[in-house]
């Protein structure tokens, strides 16, 4: 009996009841797959439900302002996914009569869709014989074959794609692909795999040799760099705060923030604030006390965000290094989409306000 048969029999009995499996149309599958990139299932579920309620169809998503999409995405991270989602929805709605492409090749033409996501949508939504390979599947395959090579190497990754295509169950490609990913998520875990509960352990070479905890092989990651960042909470005489919108084509693109930037060698944090504001918005401020400090980790680096209370001095803000800017009252901040670190600053501001009541 093949491992595919055993795997599908297990999936038929144990498949998790997930909201995007209730109706596996292309829009729901696409939305869930984009959200699940770099994000755990438990985190995605409430976001998926809220997002689907706000934008029930690809046409509704395409017609929505980007700011509304980013606000609905707020807190989910990796915001380029939301921007690409919005662009892809517009492309589908405008160019394809509201219908998603059904082939891997057609899906790859949409923003934010790579080889894995195209395979997932094609197989799950359209029952196309399309393979996929993600971190969970790589781990399953590395253990099934007791792979000693480094799975992060391009040549090894390509050989795993070949396995994914060769081993694809062409009668039930969508269920098979979901079963593989689910097995990796709940049974064939990165640490302490539940081999005694695995439906395909009799097919697993690593299990037979006792090497499952050593697979997959990956090169050791380099140390994560750290940066100090200074941000300005700039107040005007009307009790408003100045916020800036980040450019669309960079980190946290399209989100709002308290303006500032990364500290350069040899400058104080206060000097960093003044320099960044002159460079990005052509304004001068008086830097006051340190308001709060926030620790935050991105994918490839970490920051310590130092937020300073500042007083606005002169000159109309200009959108030089930012996309837009606005003066807002503290109670209006919730209307705008912020990254996690800036939302921690807002929380500190709210807590300070409650303490003063």
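The values are calculated or read from the model by the stated rules, or taken from the named source; none is laboratory data. Keep in mind the model is a prediction, meaning the values are calculated, not measured. With ideal geometry, Cβ positions are generated from the backbone for all residues, glycine too; neighbour counts draw on all protein chains shown.
Over 14 Å from residue 252 (Cβ atoms), in a helix (DSSP H, G or I) and touching a helix residue (DSSP H, G or I) at 6+ places or on another chain (Cβ under 8 Å), is that true of residue 320? Against the criterion (over 14 Å from residue 252 (Cβ atoms), in a helix (DSSP H, G or I) and touching a helix residue (DSSP H, G or I) at 6+ places or on another chain (Cβ under 8 Å)), residue 320 does not qualify.
Checked against the criterion of being surrounded by fewer than 18 Cβ atoms within 10 Å (Cβ to Cβ), more than 27 Å from residue 72 (Cβ to Cβ) and at pLDDT 95 or above, the candidates 328, 293 yield just one match: 293. Restricting attention to the stretch 149-170, does a residue exist that is in the same structural domain as residue 206 (by TED's automatic domain parsing) and closer than 30 Å to residue 254 by Cα? Among the residues of the stretch 149-170, not one is in the same structural domain as residue 206 (by TED's automatic domain parsing) and closer than 30 Å to residue 254 by Cα, which makes the answer no.
Name the residues in the stretch 186-209 that are in a helix (DSSP H, G or I) and surrounded by fewer than 19 Cβ atoms within 10 Å (Cβ to Cβ), would you? Those that are in a helix (DSSP H, G or I) and surrounded by fewer than 19 Cβ atoms within 10 Å (Cβ to Cβ): 186, 195, 196, 197, 202, 203, 205, 208, 209.
Every condition in (1) touching a strand residue (DSSP E or B) at 6+ places or on another chain (Cβ under 8 Å); (2) surrounded by fewer than 21 Cβ atoms within 10 Å (Cβ to Cβ) holds for residue 147 except the one numbered (2).
Residues that are within 23 Å of residue 340 (Cα to Cα), touching a helix residue (DSSP H, G or I) at 6+ places or on another chain (Cβ under 7 Å) and either outside any strand (DSSP E or B) or touching a residue at least 60 places away in the same chain (Cβ under 8 Å) (or both) are absent from the stretch 267-274.
In the set (1) surrounded by fewer than 17 Cβ atoms within 10 Å (Cβ to Cβ); (2) farther than 19 Å from residue 71 by Cβ; (3) at pLDDT below 95, residue 251 fails one condition alone, (2). Taken over the stretch 22-37, residues that are without any contact (Cβ under 8 Å) to a residue 24 or more places away in the chain and either assigned to a helix (DSSP H, G or I) or touching a helix residue (DSSP H, G or I) at 6+ places or on another chain (Cβ under 6 Å) (or both) amount to 2. Residue pairs whose Cβ atoms lie under 7 Å apart, separated by 6 or more positions or on different chains, with the first residue in the stretch 143-170 and farther than 25 Å from residue 123 by Cα and the second surrounded by 19 or more Cβ atoms within 10 Å (Cβ to Cβ), are 146/206; 146/215; 147/215; 147/216.
Restrict the check to the stretch 162-182 and report whether at least one residue is more than 19 Å from residue 215 (Cα to Cα), assigned to a loop (DSSP other than H, G, I, E, B) and within 23 Å of the chain's Cα centre (by Cα). Looking for residues that are more than 19 Å from residue 215 (Cα to Cα), assigned to a loop (DSSP other than H, G, I, E, B) and within 23 Å of the chain's Cα centre (by Cα), one finds none in the stretch 162-182, hence no.
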